[in-house]
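No lab work stands behind these numbers, since they all come straight from the coordinates. Note that the coordinates shown come from a computational prediction; the quantities given were computed from them, not determined experimentally. We place every Cβ from the backbone using ideal geometry, glycine too, and count neighbours over all the protein chains shown.
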Amino acid sequence: MPTIRSRFLTFFATVLCGVSSVAQPPAPKVSLDNTELRTLKSGKIGRQYDLLVSFPEDYATSGKSYPVLYVLDGWHFPLMAFLQNNNLYSQRMPPVIIVNVSQGSSVDVMALRAQDFTPTKTAQEAGSGGAAVFLDFLEHEVIPFVDRTYRTVPSDRGLLGHSYGGLFAIYCLEQRPALFQRIVAASPAMGWDDRLLVKAARTKLRNLPGPVRLDISTGDDGDVTEDATALAKVLDEVKPARLDYRFTVYHGESHNSVRLVSFPAGLYWVYRPAN
């Protein structure tokens, strides 16, 4: 049996190990190459947003200008930075500057995005209905800042959004059809306010001022599938002039899991070479 002395030595060694582990300096944080963080205070909204930027690998040395892809929701940034890097090898789309517009990482981020991305105020979400103000912020504050700060091609802009972000992407197309030339709406929450934007698409998207490529997608395991399908049916009926669109249902994917499939596939489609 262990003696009192051996028990004490064991306890003392354990304490020393614990103190040693606590005293170790913190490990360095992981950073992503060819990325940077900017912050932008919106005068109209009165809040600060993070702009998470990912550059093509040769941005610093090429002297070239690049199209810009705007992505909604900051939590998508690691995936987008990976797609940026992977594109060096896959070459499925041209190099672009990726700008994730993020409401930050606060505990109320879900409420903030619901406010920013929804077009009308309803009882479904407290504080909803701020899409018009957010679109104004995007058009008159974010995009000019990015164009001033980086070497961009203003005639070639893309927008990607998921869920409420996908709803906002369709809202943006209906309200500012010339602002983006390539749009990916992944699992868009088109049921908002009794399918308000689905109904508006019949007139809003009938005749666009310029060509737009639109990729709409959804999984078949979720509560937004029917609403996204309803939008696709309207487009099939109207056949909007100058709108090149595609609708894809990814079997076995849910509202959230579909992103890992639909983001790259949708981007590859809207950035495909012209026929």
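Odds and ends about this structure:
- Simple spin-label estimate for Asp223 and Ala126 gives 1.9 nm between the two label positions (7 Å along the Cα-to-Cβ direction from each Cα).
- Of Leu88, Leu243, Leu173, the one that fluctuates the most in a GNM where the chain has Cα springs shorter than 10 Å: Leu88
- Looking at the chain alone, DSSP beta bridges between its own residues are antiparallel in about 30 percent of cases.
- Mean Kyte hydropathy of -1.0 or more with a Cα span along the axis of at least 15 Å, helices from DSSP in the chain: 4-23, 77-90, 164-175, 192-204, 225-238, 259-270
- Label point distance in nm, Lys199-Arg38, each placed 7 Å from Cα along Cα→Cβ: 3.9 nm
- Annotation for the stretch 79-157: trypsin sites (Lys or Arg not before Pro) lying in DSSP loop with at most 10 further Cβ atoms inside 10 Å of their Cβ do not exist.
- Three-way shape call for the chain based on the alpha-carbon gyration tensor, with the a/c threshold at 1.5: prolate
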